[in-house]
Amino acid sequence: MDTNSFIQNIPLEYFIILSSVLFCLGVLGVLLRKNAIIILGCVELMLNSVNLLLAAFSAYKGNGDGQILVFFIMVVAAAEVAVGLAIISMMYRNTKSVDVSIFNKLRG
Amino acid sequence: MEQILFYFVSGIALASAGYFVLAKNPVYSILSLIVTFFCIAALYILMNAQFLGIVQIIVYAGAIMVLFLYILMMLNLNKGDESRKNNINKFIGMFAAGILFIGILGAYKGLSGNYVAGNDVDYGVGLTKNLGKLLFNEYVLPFEIASVLILSGIVGAVLIGKKDL
Amino acid sequence: MENLVYAIILLPLAGFLINGLFGKNLPKMLVGTLATLVVFASFCIAAYLFFNFDADGQPVIVKAFEWFRISGIQINFGFQIDQLSLMMIMIITGIGSLIHLYSIGYMSHDKGFYKFFTYLNLFIFSMLLLVMGSNYLILFIGWEGVGVCSYLLIGFWFQNWEYGKAARKAFIMNRIGDLGLLIGIFIIASQTNSLDYLSVANNASKFSVDSPVIIFITASLFIGAVGKSAQVPLYTWLPDAMAGPTPVSALIHAATMVTAGIYLVVRSNFLYTLAPTVQGGILFIGLLTAALAAFYALRQNDIKKVLAYSTVSQLGFMFVALGVGAYTTAMFHLMTHAFFKALLFLGSGSVIHAMSGEQDMRLMGGLKKKIPITHITFLIGTLAISGFPLLSGMISKDEILVSAFAKSPAYWGILFVIAALTATYMFRLYYLTFHGEFRGTEEQKHHLHESPLNMTLPLMVLAFLSIVGGFINLPHFIGHGHYAKLTQWLKPVLTEESFGQMEANIADVSFNTEMILLVATILMFFAVWFIVKNIYVTKKKLALPENQYTGWEKLSARKLYIDEIYNVLFVKTVEGLGRAGKMFDKDILDPAVDFVGEGAEDSGRAMKRFQNGNVENYVLIMSLAVGIILIVNFLLQ
């Protein structure tokens, strides 16, 4: 394992493009879908794309800080999913639906 | 050889992510998201970020997505009968995401296009031993605080989910 | 000495405060007596000062305190006691105390008894401030003060809307004159860096004769005098001011307030001597006023209106005297006029009191047997004003006539005719009121009674003064002015030039000419008396109701329609402006302000449509904005 042909053969830019596309797919999902659970899943997708980019940069630079940050991002994402799903189940309990378009009580 | 591997894995990742965003049935989209996570874990392993790859499978694909499916099943939504948006909104949504994509790519215009790691890169940076050393020496405070964060997440989730306070 | 001066001016002020604050709860006798006593006390102190005054000495300046200092001009609050101010103080407080005594009887049935005496005391205080001040600013304070008191007293029976309007008219016309006075004071202050009479007199020599500055100053001061002393064109307020109680008419509009204009010009004689052009203007206005007012008085039917126009006419005489530079003559006539005009007004008040409030002469007649004291004193007053030989009125009026002759015989001619008219309307008034058959109602005839002592005593005192008052300043030709005591006494008040001008004028008229003029005047008097007596007593001609007059009589009775002309020219114009302003405010400003408010409301309503509570839209717009910002950033690099 002295040589890693992977990181010596694949340009970093590929990872950048892949991460950007995943991120924009996540944004697309947030804008298009109306199911609250799917929207939360799109947020997870966005987080994962950023994780990928961070880990790639850290591996290509030989610096461990990026991967530590990825670790912490995962921690936060887990906590966030827990709380978010609790909220969604409350939503369902009150209105028998998880469609976000019915929550417009803040209209002016 | 590595390039073929990379294209294959990222292709599957992109395809399943696309299906996840566009699928009608929420269960199908969650399952495709699991596939995406597996691909990303594969990419992690390929660049020798072993610890992260394992953690990705355990935490994301194993715990978070299971939680998603659990909620989905509990709310009995697998029929997938959500109403659709009208066409204008969909079009503007795609337009916005496209604009975002172009904007993000525009930040990379100074790049050469073929940056590969040199020979002096520490290849073992993603190993669990090395990451552990880093984690418990320099980042021990965020580590402890992260545990408090998870505690607060648990408390919050339980509190929100209670029927009567 | 200083304490006495303060006492003179503070006693009426004390009376004002006590009566004003506590008068409602005090018994009527106490209120009236207190008010009269403070004024009489001021008179006694003034008389004491008069007898102890050093006639050849300098004016005594009593400085109370330094008031303020602005850009090099220092204004002191002080009083100047010299011959002129002493003379005015004694007239004011002397006649004032007599009128206070009279008012105790005249106003005894009035509900606002204490208020009346409060205002009277305040008026005395303001008038004293006017004549005792040592600079123009204090004069102005007193000037405004008497204007306010005049308003309060004319509109004393304010429940009648017409009286209130008359008071308002007086005040507004006064105000117009005040503007002129203020401008004059400003220019004096800026040109001579001082407002004290003595300082301005010393600096006056730096103005060249008839320079635009001095003409402006003197003309502005004269405009103030025109307003206050009811000359053309600001005279229409004085006849309307007869709406006030008769003591008010006697005090304010015969003896004191209207003489403030004369006082101002005499006090500023050092300025007027340097402006012969303005003196000519004063002469012209005086002649015009005297003529017009005498013309109006010929056919008025209200007893007080005749006396009001007579006042305006006599004031015109005084201004004629000022116009030819005869300052002491004007002061002399001021004094004698105060005596007999106050007497006439108080007498008419007594008549009105006897007639139970009737003021129309056509309903009077034959009163001489019923109210003898009033009749005798009124007759003395009439004779005095018309020029009966040896009475005070004749001597002072003759002196004016002689001074006018010295300027030009034409002026003497005009004044001679006006004097004839004066005698005419006064005798008409007298005969219609006291002679012939009684023309009133039976009820009035029942109530005819002589006035009480507190009303007839002032009449008698004033009658006595009207008889002997002229002897202090005998005409020039008797002893070559040696017996003209008043002129000699007032001499130090005038500057060298003014006095010289006066003396030169008098000296121009030779002894024989003066005698001839005097004889002519006396003959005219007797001729007029005879003719008028013939018309009204022998032929028993009666006064007609106003609308039955024709020709010149109609013009006289309707006062040449000047009041109506003023109404259309000025009052309606101002009212029109007011209406235009109101319309502008209601129809233009209000909708404009409302428009702004509604605009804010409408734009808010438009903005409201963005907040539809739809989370998806919010996220959409957010991401769109982020994308656009990124692209713009990218492009700008």
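The values are calculated or read from the model by the stated rules, or taken from the named source; none is laboratory data. Since the structure is predicted, the reported quantities are computational estimates derived from the model, not experimental observations. As a convention, Cβ positions derive from the backbone with ideal geometry for all residues, glycine included, and neighbour counts pool all protein chains shown. For the accessible areas, the whole protein counts, side chains as well, though only heavy atoms, and no ligand, DNA or RNA atoms are used. Shrake-Rupley method; radii C 1.70, N 1.55, O 1.52, S 1.80 Å.
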Next on the checklist: If you fit an axis through the alpha-carbon atoms of helix C:83-106 and take the longest principal axis of the Cα set of chain C, what angle between them do you get, 0 to 90°, nearest 10?
Outcome noted: 90
Item to check | Highest-fluctuation residue, B:140, B:66, B:125 considered, GNM on chain B with Cα pairs under 10 Å | outcome: B:140
Item to check | Projected label distance in nm at residue C:511 and residue C:298, using a 7 Å step from Cα toward the beta-carbon | outcome: 3.9
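Mind checking which helices in chain B clear 15 Å along their axis (Cα) and have mean Kyte-Doolittle hydropathy of 0.5 or more, DSSP H runs only?
Working: long enough: B:2-22 (30 Å, 1.46); B:26-46 (30 Å, 2.23); B:87-106 (28 Å, 1.58); B:140-161 (32 Å, 2.20).
Span-like helices here: B:2-22, B:26-46, B:87-106, B:140-161.
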Checklist entry - For helix A:65-95, what angle does its Cα long axis make with the longest principal axis of chain A, in degrees from 0 to 90 and rounded to 10? => result 10
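Counting only C-alpha contacts under 8 Å and six or more residues apart, can you give the relative contact order of chain A as a whole percent? Each step should come with its number before you reach the end.
Working: 73 pairs, mean separation 29.2, N = 108.
Here the relative contact order equals 27 percent.
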Checklist entry - Lys/Arg Cβ at +1, Asp/Glu Cβ at -1, dipole of the protein assembly as shown taken about the Cα centre: which of A:38, B:127, A:15 is farthest positive-ward? => result A:38
Checklist entry - For q = 0.07, 0.16 Å⁻¹, what log10 I(q)/I(0) does region C:1-274 give under the Debye formula with an equal point scatterer on each alpha carbon and no solvent? => result -0.25, -1.22
Checklist entry - Given a Förster radius of 45 Å and the C-beta distance between residue C:626 and residue C:587 as r, what FRET efficiency does 1/(1 + (r/R0)^6) yield to the nearest 0.05? => result 0.30
Checklist outcome for this item: One computes Rg over Rh for region C:175-269 from alpha-carbon atoms, with the Kirkwood Rh, and obtains 1.06
Checklist entry - Computed on protein heavy atoms with a 1.4 Å probe, what is the summed buried accessible area for the chain pair A and B, in Å² to the nearest 100? => result 7300
Checklist entry - Projected onto the charge dipole of the protein assembly as shown (+1 at Lys/Arg Cβ, -1 at Asp/Glu Cβ, origin at the Cα centre), which of C:171, C:113, C:474 gives the Cα projection farthest towards the positive end? => result C:113
Next on the checklist: If R₀ is 22 angstrom, what is the calculated FRET efficiency for the pair residue C:468 and residue C:7, using the beta carbon separation as r and rounding to 0.05?
Outcome noted: 0.15
Checklist entry - Where does helix C:572-584 land angle-wise versus the long Cα axis of chain C, in degrees 0 to 90, nearest 10? => result 10
Checklist entry - Simple spin-label model, 7 Å along Cα-to-Cβ: residue C:198 to residue B:128 in nm? => result 11.6
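How about region C:368-472: which trypsin sites (Lys or Arg not before Pro) there are in a DSSP loop, with at most 13 other Cβ atoms within 10 Å of their Cβ? Please report the intermediate quantities before stating the final value.
Working: sites: C:368, C:369, C:370, C:397, C:407, C:428, C:439, C:445; in loops: C:368, C:369, C:370, C:439.
Sparse-neighbourhood loop trypsin sites (Lys or Arg not before Pro): C:369.
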Checklist entry - Which percent of the Cα-Cα distances in the protein assembly as shown go past 46 Å? => result 52
Item to check | Proximal lysines to residue C:368, defined as alpha-carbon separation beneath 17 angstrom and excluding residues fewer than eight positions away on the same chain | outcome: C:445, C:533, C:540
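For chain C, what does the relative contact order come out to in percent, with C-alpha contacts under 8 Å and a separation of six or more? Write down the numbers at each step before the final one.
On the way: 956 pairs, mean separation 74.9, N = 637.
Over chain C, the number comes to 12 percent.
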Checklist entry - Label-point separation (nm) for residue B:66 and residue C:522, each offset 7 Å from Cα along Cα-to-Cβ? => result 14.7
Checklist entry - Given R₀ = 41 Å, FRET efficiency for residue B:24-residue B:141 by Cβ-Cβ distance, to 0.05? => result 0.35
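Restrict the search to region C:584-637; then list the trypsin sites (Lys or Arg not before Pro) that DSSP places in a loop and that have at most 14 other Cβ atoms within 10 Å of their Cβ.
Working: sites: C:586, C:605, C:608, C:609; in loops: C:609.
Those that pass, being in a loop and sparsely packed, are C:609.
Please give the peptides C:110-123, C:324-337 ranked by average Cβ packing (other Cβ atoms within 10 Å per residue), highest first, as a rough proxy for protection.
On the way: C:110-123: 22.3, C:324-337: 27.3.
Ranking the peptides C:110-123, C:324-337 by packing returns C:324-337, C:110-123.
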Next on the checklist: Tell me the relative contact order for chain B as a rounded percent, counting alpha carbon contacts under 8 Å between residues six or more apart.
Outcome noted: 20
Next on the checklist: Can you divide the C-alpha Rg of chain C by 2.2 N^0.38 Å and report the result to two decimal places?
Outcome noted: 1.20
Checklist outcome for this item: Projecting the Cα atoms of C:232, C:276, C:382 onto the charge dipole of chain C, where Lys and Arg contribute +1 and Asp and Glu -1 at Cβ, the residue farthest towards the positive end is C:382
